[in-house]
Structures are given as structure tokens and as C-alpha cells.
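Written out below as C-alpha cells is the structure these notes cover.
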Amino acid sequence: MEAFADDKEKGKAADEAEGGIILGKKSGSAGGARVPSKSEMETLRATIQTLCQSCNPLGRCLEYVQEDLEAMAKELEHWRSVKRVKEGELAEEESKTEGSLISLQNELANVEMQAKEKRSQIRFYKASIVRNDATINRLLSQVVQTG
């Protein structure tokens, strides 16, 4: 029982510290029950009315929060599944591209080898032309000197 009383006192202290609504009777100086005046009742009624008017839109918003969360979860799952599908398609396209690139890379290597051989032949023929020019010049110079 003592623990219950301590908890109750702590709860009251917390309510007072937070400035919450305190329900209970005010003890009057005369010691008897005082009847609230008409103006106090009107003020209380207006305050409660304002509180209700402020809380109703909030309550309606909170009703839709769960629906919104469910819709967002469904949309998230949808986009995750789309992502998985697109990742699969991407992997498939990458493998196709790699497959087609292998044949193209082999063809490129062959063409480069052929070009290298042609350049080698061109250098060989140029050297042959230079040697033949030298031979022709030497023969011409011998004909000119002897003749």
C-alpha cells in the first residue's frame, strides 16, 4: 500500500510540474463545497469546446496514419521488387555484352595483327626500294664514269 501511495504522490508531482489538468475539488476557505459561478462554468465550457475543436482534426489525422504507413510499406515493397527485377535484367545484359565483346575483342586482335604484318611488309618493301635505288645510282655512276 505504501508503494501505491508513493506512486500516486509522484504522479501528482509530475502533473503539477508539467502543468497538466488537475482533477479534484478545490478546498474552500469556509470548508464547505463551493458552487462554481455561472461565469466560471461558461469559461470552462468555452475552454473545453476549444480543446475539442482543436483535437478533432488531430484525431482524424491520426486515424489515417496507419493507412498511410501501410500504403508506404506497400509502395516500398513494390519499388524493392522493381529494383530486384531491374538488377536481374542488368546482370543479364552485362553477360550478353561481355559475350559479344569477346568475339569483337578477338576480331580486333586479328585486325591489329594483320595491320602489324602489313606495316612490316611496307618497311621491307621500302628497304628493298632504298637498296634498289642505291644499286641503280651506283650502276649509273659507273656508266657515266666509263662512258
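Among the residues that make up the range 53-60, is at least one of them charged (D, E, K, R), surrounded by 10 or more Cβ atoms within 10 Å (Cβ to Cβ) and part of a helix (DSSP H, G or I)? Talk me through it step by step, then tell me what you get.
Going residue by residue through the range 53-60, those that are charged (D, E, K, R) are 60.
Remaining after also requiring surrounded by 10 or more Cβ atoms within 10 Å (Cβ to Cβ): none.
Looking through the range 53-60, none of the residues is charged (D, E, K, R), surrounded by 10 or more Cβ atoms within 10 Å (Cβ to Cβ) and part of a helix (DSSP H, G or I).
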- On the given criteria, is residue 33 at pLDDT 90 or above and either of a type outside the set (Lys, Arg) or open to solvent by 100 Å² or more (accessible area, probe 1.4 Å) (or both)? no
- Item | Residue that is in a helix (DSSP H, G or I) and at pLDDT 85 or above, where the choices are 13, 71, 3, 17 | 71
- Message: Just to check your reading of the model, which residue among 82, 65 is on the phi < 0 side of the Ramachandran plot and loosely packed, with under 10 Cβ neighbours inside 10 Å?
- Response: 65
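The values are calculated or read from the model by the stated rules, or taken from the named source; none is laboratory data. On a predicted model such as this, the values are computed, not experimentally measured, just so you know. Using ideal geometry, Cβ is built from the backbone for each residue, glycine included, and neighbour counts are taken over all protein chains shown. Ligands, DNA and RNA are excluded from the accessible area calculation, which covers all protein heavy atoms including side chains. Shrake-Rupley method; radii C 1.70, N 1.55, O 1.52, S 1.80 Å.
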